[in-house]
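A quick write-up on the structure given underneath.
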Amino acid sequence: MDWASEVAVVDSARELQGAESKDLWMKRLQVIVLVIGFVVIGRGDSWTPDSAFAQNLTPLAPTGREDEPGRSLPPAQRLGILVEEINATRSSIEGASRLEIRLGVLCPGIEKALGLRCRVFRAVDDTGEDLRDGEGSVPGYSMLAPTVRLKLPSRKATVLKELSGLVELVFPDRDPQATINIANFVGKPRVEASHPVLTTNGVRLTILSKGEFDRIRARGHEASQQQAVDQNFGKATETKTSPLGDAPGLGNNAIVVLQDDPNHRVASISFLSPLGAPVRSSYTEAGVLFDHGTPQAYFACSFEPALPETAIMRIIVATPRTVVPIPFSLKDIPLP
């Protein structure tokens, strides 16, 4: 074989090797693309509150910020409201007859929510009667299943033609400013929970010891039940016959929080150990306390043993970024 033939053979071998190497890299690239595509598709199937906010999900703005633009909700199959239970109570006592509907909330990641409330915009039976009673039209947040309380329909009504409104869930991990920790309150008669976020949201919280609570309560016994009703505190007033006013379950280690929260922005209040572990109370209650004749809503917890002096009170505020709204419209609900 001459020199030119040897060169041709070598060049052919190099071309063949280069083609095989290029083909191998193309196969590897195809595998990588397929794997990446599978991961993207797989991650796109699931939904959590994080991905919801990535889709520009924004709650309703609180009072004073109605100019914030609304944004679209995630697809309907990811969020939903259903009727779990409906009960009718008929009573000869004025105001005791009512219709109660317990709703179920379908929302992936709902275990991360630390507050929930339900607002009803329309409730009409098949006779055309508006069943909204006005109570709790702008309720506060709680951790209980949302319950709609309506006027009792007439016996002629057979179905609730429409029940529509809005359920709001609070996800505090969406806004670092929504979580407020208050320290240095244990053992002190009265402490004002001061924080810029509370001020911005129109919230004023005062922490009382059990002794200070008893002193104010004794001073306020002369306030009438009608005074509380006139100021929209309902019938849970402080009198000697009221279980809320007498507070029989509160021990000497109780912590009482006076709440001035007209816009219902406080989603939850909890107590933590110095290491951040939740401290469970032995008894809780809510009611109305009269301070110099002025009714104030309060929330109280008893602890056995007492909270350590370094305990923390954690407040979750329903800021605009934390609230996930779920609108609902339920039709033709059979009445009991």
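The values are calculated or read from the model by the stated rules, or taken from the named source; none is laboratory data. Because the structure is a prediction, the values reported are computed rather than measured. Cβ: placed from backbone, ideal geometry, glycine included. Neighbour counts: every protein chain shown.
For this structure, a couple of remarks:
- Of the listed requirements (1) farther than 17 Å from L208 by Cβ; (2) in contact with a Lys or Arg (Cβ under 8 Å, 6 or more places away or on another chain), L289 misses just one: (1).
- Residue check for G211: of a type outside the set (A, V, I, L, M, F, W, C), assigned to a helix (DSSP H, G or I) and either at pLDDT 85 or above or not assigned by TED's automatic domain parsing to the domain that holds I312 (or both): yes
- Residue match in segment 117-128 (condition: of a type in the set (A, V, I, L, M), buried (at least 19 other Cβ atoms within 10 Å of the Cβ) and not in a strand (DSSP E or B)): no
- Taking segment 183-224 as the range and being touching a Pro at 6+ places or on another chain (Cβ under 6 Å) and acidic (D, E) as the test, only E212 passes.
- V256 being crowded, with 19+ Cβ neighbours inside 10 Å, assigned by TED's automatic domain parsing to the domain that holds I182 and within 19 Å of the chain's Cα centre (by Cα): no
- Any chance L114 is buried (at least 18 other Cβ atoms within 10 Å of the Cβ), at pLDDT below 95 and not hydroxyl-bearing (S, T, Y): yes
- When residues in segment 269-287 are screened for being in contact (Cβ under 8 Å) with a residue 24 or more places away in the chain and in a strand (DSSP E or B), 8 of them pass.
- Checking P153, P139 one by one, the residue that is modelled with pLDDT under 90 and either among the hydrophobic types (A, V, I, L, M, F, W, C) or not in a strand (DSSP E or B) (or both) is P139 and no other.
- Of all residues making up segment 163-221, the number that are farther than 20 Å from A286 by Cα, hydrophobic (A, V, I, L, M, F, W, C) and surrounded by fewer than 19 Cβ atoms within 10 Å (Cβ to Cβ): 3
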